[in-house]
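Below is the structure I would like to discuss, written out as structure tokens.
The values are calculated or read from the model by the stated rules, or taken from the named source; none is laboratory data. Since the model is a prediction, treat every value here as computed from it, not as a measurement. Cβ sites come from the backbone with ideal geometry, for glycine too, and all protein chains shown count toward neighbours.
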Amino acid sequence: MNPYEVHRKIWDLFPDRQKAKRDFLFRMEQSTPTGHPVLLQSTFEPVSVKGGPVVLGQKEINYFFKTGMVLQFFLTANPTRRIRARGDKTSNQGRCRVPLIDEDEIRDWLKRKFTDVGLLHEVIIAGKSNLYFRKKGRPGKIVTVNYTGLLSVDDPESLANLVENGIGPAKAFGCGLLSLARM
């Protein structure tokens with residue numbers, strides 16, 4: 001399933017917001033015989049539309065984070081770094097994103113994202129995969145990493161901001177949604 005097309009279909013759940021800036025995050029879950037479930041986080045309520053994706057359930061979540069709180073986390077992300085682009089590329093200040101391959105670099109990338117938020121006690125790389133897509137007829141690929149682990153909260157407001165805005169690039173491809181659970 002093309003994640004870019006999933007992103008486009010999710011917009012159908014917000015019929016009154018088609019021209020708005022993207023303000024939702026999603027993650028494609030493991031496919032089942034009945035379909036391709038997607039976990040969606042949005043400040044606006046999604047609405048099923050005939051012929052479009054179906055909202056199977058929804059739940060309002062109000063996070064309350066406290067300093068010192070220990071949480072379990074799950075994240076699918078696209079850890080990258082920028083390098084100077086070859087040729088005459090002028091967009092993105094002449095730089096392009098490349099995936100991180102080394103597991104230490106992949107862990108360090110995540111630790112940098114949590115610098116102002118809290119302390120990562122444990123970071124497990126639960127899987128890596130190549131995600132292929134087509135955007136405007138052109139093929140592309142990103143490398144996704146599934147992280148799990150434990151974190152203790154240092155700055156509740158910064159954590160709430162991270163949850164709301166997501167982590168890293170490729171949010172239009174199902175990356176960046178941070179899932180948390182109390183210990």
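Suppose we filter segment 50-67 for residues that are over 21 Å from Gly35 (Cα atoms) and loosely packed, with under 10 Cβ neighbours inside 10 Å; how many remain?
Number satisfying all stated conditions: 5.
Oh, and also: Mind listing just one residue for me: the one in segment 117-131 that is part of a strand (DSSP E or B) and touching an Asp or Glu at 6+ places or on another chain (Cβ under 8 Å) and, of those, surrounded by the most Cβ atoms within 10 Å (Cβ to Cβ)?
Gly118
Looking for something surrounded by 15 or more Cβ atoms within 10 Å (Cβ to Cβ), modelled with pLDDT of 90 or more and part of a helix (DSSP H, G or I) - is there at least one such residue anywhere in segment 94-108?
So far as segment 94-108 goes, yes, one or more of its residues are surrounded by 15 or more Cβ atoms within 10 Å (Cβ to Cβ), modelled with pLDDT of 90 or more and part of a helix (DSSP H, G or I).
Next up: Test of understanding: among Val70, Val123, Val49, which residue is among the hydrophobic types (A, V, I, L, M, F, W, C) and at pLDDT below 95?
Criteria check complete, one pass: Val49.
When you look at Tyr4, is it among the hydroxyl-bearing types (Ser, Thr, Tyr) and outside any loop (DSSP other than H, G, I, E, B), yes or no?
Here the answer is yes, as Tyr4 does meet what is asked.
Oh, and also: Quickly run through segment 132-152 and pick out the residues that are surrounded by fewer than 20 Cβ atoms within 10 Å (Cβ to Cβ) and farther than 18 Å from Glu105 by Cα.
Within segment 132-152, Tyr132, Arg134, Lys135, Lys136, Gly137, Arg138, Pro139, Gly140, Lys141, Leu150, Ser152 meet the criteria.
Search segment 132-159 for residues being of a type in the set (Ser, Thr, Tyr), within 18 Å of Met69 (Cβ to Cβ) and part of a strand (DSSP E or B), and hand back the single one that is nearest to the chain's Cα centre (by Cα).
The extreme case among them is Thr148.
If you take the residues in segment 7-49 that are of a type in the set (D, E, K, R) and in contact with a Leu (Cβ under 7 Å, 6 or more places away or on another chain), which one is surrounded by the fewest Cβ atoms within 10 Å (Cβ to Cβ)?
Applying the filter and picking the extreme gives Glu29.
Return only the number of the condition from (1) without any contact (Cβ under 8 Å) to a residue 60 or more places away in the chain; (2) assigned to a loop (DSSP other than H, G, I, E, B); (3) touching a Pro at 6+ places or on another chain (Cβ under 7 Å); (4) not aliphatic (A, V, I, L, M) that Gly168 does not satisfy.
If we test Gly168 against (1) without any contact (Cβ under 8 Å) to a residue 60 or more places away in the chain; (2) assigned to a loop (DSSP other than H, G, I, E, B); (3) touching a Pro at 6+ places or on another chain (Cβ under 7 Å); (4) not aliphatic (A, V, I, L, M), just (1) comes out false.
State the number of residues belonging to segment 37-88 that are touching a Cys at 6+ places or on another chain (Cβ under 7 Å) and assigned to a loop (DSSP other than H, G, I, E, B).
Matching residues across segment 37-88 total 2.
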